[in-house]
1. Treating the beta-carbon of each Lys and Arg as +1 and of each Asp and Glu as -1, no other charges, what is the dipole magnitude of segment 20-71 about its Cα centre, to the nearest 20 debye?
2. Can you show me the helix-derived [θ] at 222 nm for the chain, built from DSSP H runs with n ≥ 4 at -39,500 (n - 2.57) apiece and divided by the number of residues, rounded to the nearest 500.
3. Cα to Cα, under 12 Å, and not fewer than 8 places away if on the same chain: which aspartates and glutamates meet these conditions relative to residue 213?
4. If I stretch the segment between residue 43 and residue 258 completely, what's the gain in nm (0.36 nm per residue apart, minus their alpha carbon distance), one decimal?
5. Hey, what do the phi angles of segment 45-60 turn into as Karplus ³J(HN,Hα) couplings, whole Hz, using 6.51/-1.76/1.60 and θ = phi - 60°, x for Gly and Pro?
6. Taking 32 Å as the cut-off for C-alpha to C-alpha distance, list the pairs among 145/246; 44/239; 111/239; 145/228; 42/145; 220/291 that go past it.
Amino acid sequence: MNVCLWTKSAGHEKGMVIDMKLGIRAHDMERAPLETLVANIKNKGLTCTQLALSKVIDSFNVEAAALTPGMAFYIRDIFAKNQVDIAVLGCYLNLTDPDAASREKIHDIYKAHIRFARHLGCGMVGTETGAVNSAYAFEEANHSKEALDWLIENVKRLVDYAESMGVIFSIEPVYTHIMSDLDRTYQVLQAVNSPNLQVIFDPVNILHAGNYKEQDDIIKGAFELFGKDIAAIHVKDFKMVGDTFKPLSSGQGDFNYELLFKLLKEKKPYIHILMEDTTPENVFQAIGYLKNIYYAN
């Protein structure tokens, strides 16, 4: 039996324990029917998840046209029974696909998820920011001004719809995608200028071989530039292997969790923190590592 060894300490100037809202992407769990999967999340001592419907559910249809309020209530009740929050409803598709027909279909899927999230009682619909090609692959043009303008145009369309549904649309910066760094993230937020557009912040996603030594400045810079718009956190680790930047499960690399958690407890208490690059084989190690650091100060 795996046991997480960690203890809570005050870790706050006023002596109050800021509980950690720690979770995992549901598709990183053991494959199981939905009710069993959610119970497994709870039994690992986790309190929230990121749910990507098509990556988790195969026992019934979860295509866009099937996302009815009835299905949302069914899924919502399973999570509520297990006291697990659906922190993010994942819909990670290329919202900037250059093919017009494909892009319209993708936007329709996003809109279906936005409607669904409202009935699901979910905090937000989350996505990354795509590429300038249909393959959703890195190319230098992803980092161009033209790509950023194209992203802003498409994000505005989806945020307008999210506003009409009363749902948060959250975008996640990733170095290889269009919204690739802190400055481009800030530009998107300023251009769209909506309270319904927020950020899922994964610090390791915007680190790479050329900037990883500046991770502390990047972490602090995110909170300075757009901290008010950070709605959820993704956590993983990293290590340089030769000249290669390698993402890893938490506790296996060189990421500065002490700094991130200090800022979260000060500025974003009780925010959902979702593990990535975690497997059923290393999940207890990652949980113990993260909780030990979180509750140490």
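None of the figures in this text is laboratory data; all of them are computed from the coordinates on show. The structure presented is a predicted model; accordingly, all values stated were derived computationally and were not measured. Every residue, glycine as well, gets a Cβ built from its backbone with ideal geometry; the counts of neighbours run over all protein chains shown.
1. Working: 6 positive and 5 negative charges, 53 e Å.
With Lys and Arg at +1 and Asp and Glu at -1, about 260 debye.
2. After summing the helix terms and dividing by residue count, I get -12000 deg cm²/dmol.
3. Leaving aside aspartates and glutamates fewer than 8 places away in the same chain, those within reach of residue 213 are 254.
4. 74.8 nm
5. x, 9, 10, 7, 8, 10, 10, 9, 3, 6, 8, 10, 10, 10, 8, 8
6. As for pairs spanning more than 32 Å Cα to Cα, those are 111/239; 42/145.
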